[in-house]
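The values are calculated or read from the model by the stated rules, or taken from the named source; none is laboratory data. As the structure is a computational prediction, the values presented were derived from the model and not from experiment. Backbone-built Cβ (ideal geometry, glycine too); neighbour counts: all protein chains shown.
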Amino acid sequence: MTFWAHRLGFEIKEIPITFREREAGESKMDSFIIREAFFLVPRLRWRK
């Protein structure tokens, strides 16, 4: 969504958030999320 908003000329700002409950511990990112990002990001980049 951010990619398309940028392409349409919208201003993009990043606002950091802090999850105080998870300052230390395991990540919830799994192999499916990593694979999805690995293949989806380039597809969005080259889509017209």
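For the stretch 30-48, what are the residues that are farther than 14 Å from M1 by Cα and among the aliphatic types (A, V, I, L, M)?
Of everything in the stretch 30-48, those that are farther than 14 Å from M1 by Cα and among the aliphatic types (A, V, I, L, M) turn out to be I33, I34.
Can you find, within the stretch 8-48, the residue that is modelled with the highest pLDDT among those that are surrounded by 10 or more Cβ atoms within 10 Å (Cβ to Cβ) and basic (K, R)?
Among those residues, the one meeting the criterion is R35.
Just the residues that are within 14 Å of the chain's Cα centre (by Cα), closer than 17 Å to R45 by Cβ and not in a helix (DSSP H, G or I), please, taken from the stretch 1-18.
Correct list: M1, I12.
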